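Written below as structure tokens is the structure these notes are about.
The values are calculated or read from the model by the stated rules, or taken from the named source; none is laboratory data. Please read all numbers here as calculations on a predicted model, not as lab measurements. Please note: Cβ atoms are built from the backbone with ideal geometry, for glycine as well, and neighbour counts cover all protein chains shown. These area figures cover heavy atoms from the full protein model, side chains too; ligands, DNA and RNA do not enter into them. Shrake-Rupley method; radii C 1.70, N 1.55, O 1.52, S 1.80 Å.
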Amino acid sequence: MVDAHLIQISLISWGKENFRQFPWRVTRDPYKILLSEVMLHRTQAIQVVPVYKQFVNIYPDLPTMTQASKSELHNILYSLGLRWRIDMLHQMGSDVVRRFDGKIPVAKEDLQSLPGVSEYIAGAVRVFSWNLPEALADTNTIRVIGRLFGLKIKDSSRRNRLFRDLLLALLDLENPRLYNYALLDLADKVCMKKQEPACEQCPLKSWCLYAQQNN
Ligand code: SF4
């Protein structure tokens with residue numbers, strides 16, 4: 001039997017001992033968090049760290065970034081690849097100035113109306129900037145949920161209603177930021193994709209069907 005409240009407490013308590021340290025986790029500035037999420041798309045965090053630091057050093061806020069030319073942005077971002085990101089950031093900056101008076105919008109539909117802002121990125125900006133209750137569904141968080149409930153995991157599972165409902169049902173509504181950091185970090189460090197999950201170290205093992213079936 002899964003107890004959502006106990007899972008939340010266990011997960012956040014594990015997180016406080018194990019959180020990964022990233023420069024975009026020490027800010028609540030939605031511009032910087034949006035920037036980091038765009039950079040992290042399909043790119044490893046370790047690659048993003050130096051680029052992110054350089055970028056926010058040169059362009060510390062959105063008005064400054066919107067003054068930059070595409071080639072100036074390219075000079076910093078080229079090492080991350082995915083050229084669409086550069087065009088998209090340029091366009092996104094102009095859109096925010098034109099449509100939202102230069103402020104990153106809070107409403108999810110407004111965020112998702114910006115170029116390149118997916119449902120995941122919009123949710124990440126809301127939860128990490130403003131601590132709003134968002135259950136972030138990506139391949140990593142869905143893998144943990146799938147194993148926890150003994151579900152078969154496919155590429156399409158992050159769009160599957162059951163997975164998303166379970167992810168939402170476990171969300172800590174009082175501490176969504178810490179909860180999401182902990183779930184993402186657990187997926188990276190313990191409930192791994194390319195190696196066997198380290199269930200003996202996992203704070204969720206007593207509820208986890210995968211751990212019970214493979215013990
Ligand atoms: S117990 Fe194992 S399979 Fe289950 S969530 Fe933890 S690491 Fe993943």
- line: Selection over segment 168-215 where residues are closer than 19 Å to residue 158 by Cα, open to solvent by 90 Å² or more (accessible area, probe 1.4 Å) and at pLDDT 95 or above yields a count of 1
message: Checking the structure you have, find out if any residue of segment 113-120 is acidic (Asp, Glu) and in contact (Cβ under 8 Å) with a residue 24 or more places away in the chain.
response: no
message: What pairs come out if I take residues in segment 152-164 that are polar (S, T, N, Q) and pair them with residues that are open to solvent by 90 Å² or more (accessible area, probe 1.4 Å) whose C-beta lies under 9 Å away, six or more apart or interchain?
response: 160/154
task: Go through (1) surrounded by 15 or more Cβ atoms within 10 Å (Cβ to Cβ); (2) free of Cβ contacts under 8 Å to residues at least 60 places away in the same chain one by one and return the number of the condition residue 99 breaks.
output: (1)
query: How do the pairs read when you match residues in segment 179-194 that are among the β-branched types (Val, Ile, Thr) with residues anywhere that are part of a loop (DSSP other than H, G, I, E, B), using Cβ under 8 Å and keeping only pairs 6 or more apart or on different chains?
result: 190/197; 190/198; 190/202
task: Any residue in segment 62-73 that's touching a residue at least 24 places away in the same chain (Cβ under 8 Å) and part of a helix (DSSP H, G or I): show its pairings with residues that are among the polar types (S, T, N, Q) and open to solvent by 10 Å² or more (accessible area, probe 1.4 Å) at Cβ separation under 9 Å, as long as the two are six or more apart or on different chains.
output: 66/94
message: If a residue counts only when it is exposed (fewer than 14 other Cβ atoms within 10 Å of the Cβ) and out of contact with any Gly (no Cβ under 7 Å at 6 or more places or on another chain), which helices (runs of 4 or more DSSP H) contained entirely in segment 3-60 have at least 3 such residues?
response: 4-18, 45-58
query: Considering segment 193-208 alone, what residues qualify as being of a type in the set (A, V, I, L, M, F, W, C) and either closer than 15 Å to residue 6 by Cα or more than 8 Å from the ligand (Cβ to nearest atom) (or both)?
result: 202, 204, 207, 208
- prompt: Can residue 118 be described as more than 15 Å from the ligand (Cβ to nearest atom) and in the same structural domain as residue 36 (by TED's automatic domain parsing)?
  reply: yes
- request: Could you please find all residues in segment 1-39 being touching a Leu at 6+ places or on another chain (Cβ under 7 Å), more than 19 Å from residue 77 (Cα to Cα) and aliphatic (A, V, I, L, M)?
  value: 4, 7, 11, 12
Scan of segment 49-78 for residues that are touching a Phe, Trp or Tyr at 6+ places or on another chain (Cβ under 8 Å) and among the hydrophobic types (A, V, I, L, M, F, W, C), ordered by number: 49, 62, 65, 68, 76, 77
statement: Selection over segment 131-176 where residues are of a type in the set (Ser, Thr, Tyr) and more than 15 Å from the chain's Cα centre (by Cα) yields a count of 2
field: Residue check for residue 121: assigned to a helix (DSSP H, G or I), surrounded by fewer than 14 Cβ atoms within 10 Å (Cβ to Cβ) and of a type in the set (A, V, I, L, M)
entry: no
